[in-house]
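Shown next, in structure tokens, is the structure this report addresses.
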Amino acid sequence: MIKGKFITFEGCEGVGKSTQIRMLKEYLKTTNQEAIFIREPGGNSISEKIRELILDPANSSMTSMCEAMLYSSARSQLIEQVIAPALDNGTTVICDRFIDSTIAYQGYARGLGVQKIKLMNELVCGDYMPDLTIFLDLPPSDSFKRKGGHDKSDRMELESIEFHNDVYSGYIEATKLYPTRIVRISPRGSKSDTASAIIKTLQARGLIQ
Ligand code: TMP
């Protein structure tokens, strides 16, 4: 039986996801609340190897379906090896990216189809679906401006601004598919204002104290 809480973070490149996850980690630590923090793709040695394969700029000929399947394979391994045992044990799991990234990037931006990816996600996840997803809602045009450009070190980051704009549109589609689970939070304010909004949202849903 699933006893733990499962929280995921989503957003386009450069929206400050890592900072917000780090701030939530600090809050949970100072308030003595136990949680494990993982990232996708990754979180175990097999999924980290799949991550290297997917993000390697040398693999420019990778097909969209191969890419979607690799993200799903990495996810399947992570669920069975880490997420399911933790949740079954009553531990809170916080994951940097999960199924909505596949909807936005592969389903929408790569054009594989949002409904097809939704089915693939359901097949891979079974009952291990997030209780709540924080979507840091900022379009890439704004996040890249804020950062003074966009990182171009891995195969996904190397994609065009148009691709990243499509990813944002894909996230909006995901929020329509899952209006209760996905909560949109704007990171336009200060880092600490955004962190407070996230903590209040998680508390209101009974996911943290
Ligand atoms: P990140 O961990 O630095 O965010 O890198 C992961 C990259 O992989 C990022 O560009 C988003 C992308 N991605 C997908 O395209 N589909 C997915 O399902 C996941 C989890 C990530």
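The values are calculated or read from the model by the stated rules, or taken from the named source; none is laboratory data. This one's a predicted model, so the numbers in the text were calculated from it and none came from an experiment. Glycine also receives a Cβ, built like all others from the backbone with ideal geometry; neighbour counts cover every protein chain displayed. Calculation scope for accessible area: heavy atoms of the full protein, side chains included, ligands and nucleic acids excluded. Shrake-Rupley method; radii C 1.70, N 1.55, O 1.52, S 1.80 Å.
Somewhere in region 97-115, is a residue touching a Gly at 6+ places or on another chain (Cβ under 8 Å), at positive phi and either within 13 Å of the ligand (Cβ to nearest atom) or among the small types (Gly, Ala, Ser) (or both)? Scanning region 97-115 turns up at least one residue that is touching a Gly at 6+ places or on another chain (Cβ under 8 Å), at positive phi and either within 13 Å of the ligand (Cβ to nearest atom) or among the small types (Gly, Ala, Ser) (or both). For region 98-114, a tally of residues being touching a residue at least 24 places away in the same chain (Cβ under 8 Å), surrounded by fewer than 24 Cβ atoms within 10 Å (Cβ to Cβ) and over 17 Å from residue 165 (Cβ atoms) returns 1. I'm checking my understanding of the structure. Among residues of region 58-72 that are away from the ligand (no atom under 12 Å from the Cβ) and not hydrophobic (A, V, I, L, M, F, W, C), which one is surrounded by the most Cβ atoms within 10 Å (Cβ to Cβ)? Among those residues, the one meeting the criterion is 59. For region 24-51: of the residues being touching a strand residue (DSSP E or B) at 6+ places or on another chain (Cβ under 6 Å) and among the aliphatic types (A, V, I, L, M), which is farthest from residue 71 (Cα to Cα)? Going through the qualifying residues, I end up with 28.
Residues in region 28-57 that are within 12 Å of the ligand (Cβ to nearest atom), free of Cβ contacts under 8 Å to residues at least 12 places away in the same chain and open to solvent by 80 Å² or more (accessible area, probe 1.4 Å): 1 in all. One residue is enough: does region 73-87 have a residue meeting the conditions more than 8 Å from the ligand (Cβ to nearest atom), among the acidic types (Asp, Glu), part of a helix (DSSP H, G or I) and open to solvent by 30 Å² or more (accessible area, probe 1.4 Å)? Checking region 73-87: at least one residue is more than 8 Å from the ligand (Cβ to nearest atom), among the acidic types (Asp, Glu), part of a helix (DSSP H, G or I) and open to solvent by 30 Å² or more (accessible area, probe 1.4 Å).
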